[in-house]
Amino acid sequence: MKGRDLTTIKTGGEIKKLYRPKTVIELIDLLKKFESYKILGFGSNLLISDEGIEEPVISYQGNSLEINGKEVIVEAGYGLMSLARKTSELGLSGLEFAGGIPASVGGACFMNAGAHGGEIGDVLSRVWFVKDGREESLARSELKMSYRFSGIDGLVTKAQFSLVDSSNSKELLAKNLAYRKSTQPLSLPSFGSVFRNPDGKKAGQIIESLGLKGFQIGGAKISELHANWIVNPLKNATSSEVMSLIQYVKDKAINELGLELEPEVVMWF
Ligand SMILES: Cc1cc2nc3c(=O)[nH]c(=O)nc-3n(C[C@H](O)[C@H](O)[C@H](O)COP(=O)(O)OP(=O)(O)OC[C@H]3O[C@@H](n4cnc5c(N)ncnc54)[C@H](O)[C@@H]3O)c2cc1C
């Protein structure tokens, strides 16, 4: 399968060895065969080389969901947005920030995805992952999570979230989503924010101040709506054009403002 079929930015070449185990036993058996491999979630934060990937790529598909009172145990292959919708319908609060983040639960834990002042680390209580041929788990307190960083060292298989009762969770989720729709180009292929927000500043405002809204290299374009988003409106961009655009923005920020912008996007090159 091609990167462009597996990522939300819709670019990238062939992934030659793609495996999609459905159970932890299958996953552990599979991982025994490889010295190294890459992990794929829902591909919403990934730029995959146009030349494709030779290394095995593992995408864990287990997606069971258990809700006991305010405790949620969910496998890594479940969609974060579906989970946020489901829990808010049950009057459980904590995941409303995730409306509009097209992540898998596993990818969201690994990236410590967040928005609207909330992040996965605020509600995560335990995470399970496979490392060195066996499944182990860590409590949230044992992880050193920070902005878009989890410190998880392994392939996430399952997460436990501790939520709280709320009467307005559905409204809050809808409000967050409506805000996103008015400020972000959600209908176009993208990978969300490209750069991390540097200390106390918004990367989008920095890029906008450089006059780059709408700037384009090949099919890759800085969104007119949100300058920290690169979009692929006609689905004809290559990953190297996206990469060149990222580098162009970085160079301009350093040369004109002395500011180092660091990509949030994961690159497989
Ligand atoms: C429209 C749009 C809006 C977005 N908005 C936000 C936002 O508001 N906030 C935000 O934080 N992000 C946002 N993102 C980016 C993205 O959704 C997140 O970074 C998300 O956490 C990536 O999850 P994924 O499952 O798609 O992971 P992938 O993109 O597939 O992978 C990302 C990284 O996670 C690793 N990974 C994936 N699954 C696992 C696993 N099971 N175990 C271990 N590692 C794994 C991969 O190896 C890779 O390093 C947005 C993206 C889009 C397209």
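In nanometres, what is the gap between the two model label sites at LYS22 and SER167, each 7 Å from Cα along Cα-to-Cβ?
4.3 nm
Under a no-solvent Debye model with one identical scatterer per Cα of the range 138-178, what's log10 I(q)/I(0) at q = 0.20, 0.32 Å⁻¹?
Calculated log10 I(q)/I(0) at the listed q: -0.84, -1.11.
Go through 88-95, 5-12, 64-71, 232-239 and give me the packing order, highest mean Cβ count within 10 Å leading.
Packing proxy ranking, top to bottom: 5-12, 88-95, 232-239, 64-71.
Charges only on Cβ, +1 for Lys and Arg, -1 for Asp and Glu: so what's the dipole of the chain about the Cα centre, in debye to the nearest 20?
500 debye
Given a 1.4 Å probe and the protein chains all in place, what does the accessible area of ARG134 round to, in Å² to the nearest 10?
So the heavy atoms of ARG134 present about 140 Å² to solvent.
Apply 1/(1 + (r/R0)^6) to the Cβ-Cβ distance of ASP29 and ILE73, taking R0 = 25 Å, and write down the FRET efficiency to the nearest 0.05. All intermediate terms of the calculation are to be shown ahead of the outcome.
Numbers: r = 23 Å, r/R0 = 0.92.
After rounding to 0.05, the efficiency reads 0.65.
Could you pull out the pairs from LYS33/LYS131; LYS70/LYS175; LYS2/LYS158; LYS221/LYS252; LYS10/LYS86 whose alpha carbons sit more than 19 Å apart here?
Checking Cα-Cα distances, LYS70/LYS175; LYS2/LYS158; LYS10/LYS86 exceed 19 Å.
Between SER187 and GLN205, what is the label-to-label distance in nm when each label sits 7 Å out along the Cα-to-Cβ direction?
Distance between label points: 2.9 nm.
As a test of reading the structure, rank TYR179, TYR37, TYR248, TYR60 by solvent-accessible area (1.4 Å probe, protein chains only), most first.
Per-residue accessible area, sorted high to low, gives TYR179, TYR248, TYR37, TYR60.
What value does the range 65-169 have for Rg/Rh, both radii from Cα atoms and Rh as Kirkwood defines it?
Reported Rg/Rh, Kirkwood definition of Rh: 0.94.
Based on the Cα coordinates of the chain, what is the per residue volume of their convex hull in Å³? Working shown, then result.
Details: hull volume 33.7 nm³, N = 269.
Output value, Cα hull per residue: 125 Å³.
At 7 Å along Cα-to-Cβ for each site, give me the label-to-label distance between LYS144 and SER36 in nm.
In this crude label model, LYS144 to SER36 measures out at 2.4 nm.
What are the DSSP H helices in the chain that stretch 20 Å or more along their long axis, judged by alpha-carbon atoms, and whose average Kyte-Doolittle hydropathy comes to at least -0.5?
Qualifying helices, which must be both long enough and hydrophobic enough, are 239-257.
Once phi is turned into ³J(HN,Hα) by the Karplus curve 6.51 cos²θ - 1.76 cosθ + 1.60 with θ = phi - 60°, what whole-Hz value does each residue of the range 37-50 show in order, with x for glycine and proline?
Running phi through 6.51 cos²θ - 1.76 cosθ + 1.60 with θ = phi - 60° gives 7, 10, 10, 10, x, 9, x, 9, 9, 10, 10, 9, 3, 5 Hz.
The values are calculated or read from the model by the stated rules, or taken from the named source; none is laboratory data. Computed from a predicted structure; not experimentally measured. In this analysis, Cβ positions are derived from the backbone assuming ideal geometry, glycine residues included, and neighbour counts consider all displayed protein chains. For accessibility, only protein heavy atoms count, side chains too; no ligands or nucleic acids. Shrake-Rupley method; radii C 1.70, N 1.55, O 1.52, S 1.80 Å.
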